[in-house]
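Notes follow once the structure below has been shown.
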Amino acid sequence: MDNNFNPGRLVRDSLKNLVPYQPALYPDVIKLDANEYPFDFPPEIMSEILSELQPQSFTRYPDPMATGLVQEIARCCQVAEDQVLAGSGSDELILNLMLTFGSGNKVVVATPTFSMYGIHARVAGAQVVEVARDAQFELSVDEIVSAGQEAGLVVLCSPNNPTGNSATNAQLEQILDGCSCPVVVDQAYVEFGGADFLPWLDRYPHLVILRTFSKAYGLAGLRVGYLVAWPGVLHYLYKVKQPFNLNVFSQVAARVVLRHRDIFMKQVQQVRAGRDWLREQLGQIPGFKVYASDANYLLFNTGPHRALQVFQSLLQKKVLVRNFGDPLLQNCLRVTVGKKQENEKFLQSLREVIADLEENIGGRTNNG
Ligand SMILES: *Cc1c(COP(=O)(O)O)cnc(C)c1O
């Protein structure tokens, strides 16, 4: 055996320095950390999915173009079939965009935002140019346009994860008018609010819209996302796409889910109502600042209390929210809107946690 074998010797520095995205799994918690669909998946839709599977579904390779699903998506989005690319979650499509337009180029991202843009960009060997949002988390449009001049790709997220706000028409217009490279707008949460920029594809051939079945449609576990863009953009994406990227089961499930869109849109209404209620309640906690959200989560600043401490104390009470190690999100936590009882349990636990923390502060003060 060769004890001198060092696999890292040949790995580039940018990859060595990459911190993998490995969210910890916590059993038996109220899971409000990942912006998932909070309800039970409708059993009648699950039966319909299972009834569409055939013995060959397991033995044969899937349709590489996911034709049936793509047709259904194109119909729902009112675009042509050759404008739609389905992927194994939008995560895969983000990687494919980075491999196609980012490798060897600069990629502009507007931080704080979804961490996978930066991770996949680095995996693809792109140079990440981070343009910070302003204090209200609005896009720094002029800086993005300026950075976009030299970039292979600009990536925006609207509504933005984790801040919850959407890009305005004026902001996106200025960025699209000012940049000639592809501009991705990740609309993973658009079902919950904010402008839908799909109709803008008619005007802007370099616009790329990303959407997913993971949030509003309850299929996070099956990994289905899609991209809508001009055929000329898809032409290059096909070169890097894995031939059988979307498995048979997921193709069937997503197709059936689209047939029952109305059921999921009703649930979306419930989540939006829960979000507005939760925002109001959170806003009443002294010192807390809650940001407006078009999505199915809320970002809030824990004011006088350390966010990490609040996060850990909530976890002890079996409530999991999202904590960030990002200096741009100092003292902020993100909570996903859950079922009514989950939202209530979260708030109740949070009030207990704060009462405990305040007692500790008071106790310390009293003791000198
Ligand atoms: C959750 C999320 C996605 C969805 O990723 P999938 O791979 O489709 O599950 C994409 N973009 C953002 C910003 C997200 O928060």
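The values are calculated or read from the model by the stated rules, or taken from the named source; none is laboratory data. Just so it is clear, the structure is predicted and the values come from calculations on it, not from any experiment. Cβ coordinates were reconstructed from backbone atoms using ideal geometry, including for glycine residues, and neighbour counts include every protein chain displayed. Accessible surface is based on the protein model in full, side chains and every heavy atom, while ligands, DNA and RNA are left aside. Shrake-Rupley method; radii C 1.70, N 1.55, O 1.52, S 1.80 Å.
Would you mind stating whether ALA220 is open to solvent by 20 Å² or more (accessible area, probe 1.4 Å), closer than 30 Å to LYS31 by Cβ and either at pLDDT below 95 or within 16 Å of the ligand (Cβ to nearest atom) (or both)?
So ALA220 passes the test.
Exactly one condition in (1) touching a residue at least 60 places away in the same chain (Cβ under 8 Å); (2) more than 23 Å from ASN160 (Cβ to Cβ); (3) among the basic types (Lys, Arg) is not met by ARG306; state its number.
For ARG306, the failing item is (1).
Mind checking which pairs have a first residue in the stretch 26-50 that is touching a residue at least 24 places away in the same chain (Cβ under 8 Å) and a second that is open to solvent by 70 Å² or more (accessible area, probe 1.4 Å) and more than 14 Å from the ligand (Cβ to nearest atom), Cβ under 7 Å, 6 or more apart or different chains?
Correct list of pairs: ASP28/LYS318; VAL29/LYS318; ILE30/LYS318; ILE30/LYS345.
Residue-by-condition table, conditions (1) among the small types (Gly, Ala, Ser); (2) under 24 Å from GLY164 (Cβ atoms); (3) modelled with pLDDT under 95:
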site: ARG259; (1), (2), (3): no, no, no
site: ILE263; (1), (2), (3): no, no, no
site: LYS289; (1), (2), (3): no, yes, no
site: LEU299; (1), (2), (3): no, yes, no
site: LEU315; (1), (2), (3): no, yes, no
site: VAL319; (1), (2), (3): no, yes, no
site: ALA355; (1), (2), (3): yes, no, no
site: GLU359; (1), (2), (3): no, no, yes
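With a cut-off of at least 2 residues that are surrounded by fewer than 21 Cβ atoms within 10 Å (Cβ to Cβ) and more than 15 Å from the ligand (Cβ to nearest atom), name the strands (runs of 3 or more DSSP E) lying wholly within the stretch 61-169.
Because the criterion is at least 2 residues that are surrounded by fewer than 21 Cβ atoms within 10 Å (Cβ to Cβ) and more than 15 Å from the ligand (Cβ to nearest atom), the strands (runs of 3 or more DSSP E) in the stretch 61-169 that meet it are 127-132.
Quick one: what pairs do we get from the stretch 106-126, first residue within 10 Å of CYS157 (Cα to Cα) and of a type in the set (Val, Ile, Thr), second assigned to a helix (DSSP H, G or I) and within 15 Å of the ligand (Cβ to nearest atom), C-beta under 7 Å, 6+ apart or different chains?
Final answer for the pair search is VAL109/TYR117; VAL109/GLY118.
Counting just the residues of the stretch 170-198 that are of a type outside the set (Ser, Thr, Tyr), assigned to a loop (DSSP other than H, G, I, E, B) and free of Cβ contacts under 8 Å to residues at least 40 places away in the same chain, which one comes out farthest from the ligand (Cβ to nearest atom)?
This residue is CYS179.
Name the residues in the stretch 199-215 that are under 19 Å from GLN78 (Cα atoms) and within 14 Å of the ligand (Cβ to nearest atom), would you?
Once the filter is applied, which keeps residues that are under 19 Å from GLN78 (Cα atoms) and within 14 Å of the ligand (Cβ to nearest atom), the stretch 199-215 yields VAL208, ILE209, LEU210, ARG211, THR212, PHE213.
Which of the residues that make up the stretch 161-185 are within 29 Å of HIS235 (Cβ to Cβ) and either among the small types (Gly, Ala, Ser) or at pLDDT below 95 (or both)?
ALA167, GLY178, SER180
Which pairs turn up if I take residues in the stretch 213-236 that are assigned to a helix (DSSP H, G or I) and look for partners that are hydrophobic (A, V, I, L, M, F, W, C) and open to solvent by 30 Å² or more (accessible area, probe 1.4 Å) with beta carbon separation below 8 Å, at least 6 apart in sequence or on another chain?
Within 8 Å, the pairs are ALA220/ALA34; LEU222/PHE249; PRO231/ALA80; TYR236/PHE101.
Looking at GLN22 and the list (1) outside any loop (DSSP other than H, G, I, E, B); (2) within 16 Å of the ligand (Cβ to nearest atom); (3) loosely packed, with under 13 Cβ neighbours inside 10 Å, which single condition is not satisfied?
Just one mismatch for GLN22, condition (1).
Within the stretch 207-214, identify whether any single residue is touching a Lys or Arg at 6+ places or on another chain (Cβ under 8 Å) and surrounded by 18 or more Cβ atoms within 10 Å (Cβ to Cβ), and answer yes or no.
Yes, because at least one residue in the stretch 207-214 is touching a Lys or Arg at 6+ places or on another chain (Cβ under 8 Å) and surrounded by 18 or more Cβ atoms within 10 Å (Cβ to Cβ).
Count, please, the residues in the stretch 310-321 that happen to be within 18 Å of VAL290 (Cα to Cα) and either surrounded by fewer than 18 Cβ atoms within 10 Å (Cβ to Cβ) or in contact with a Ser or Thr (Cβ under 8 Å, 6 or more places away or on another chain) (or both).
Selection size over the stretch 310-321: 3.
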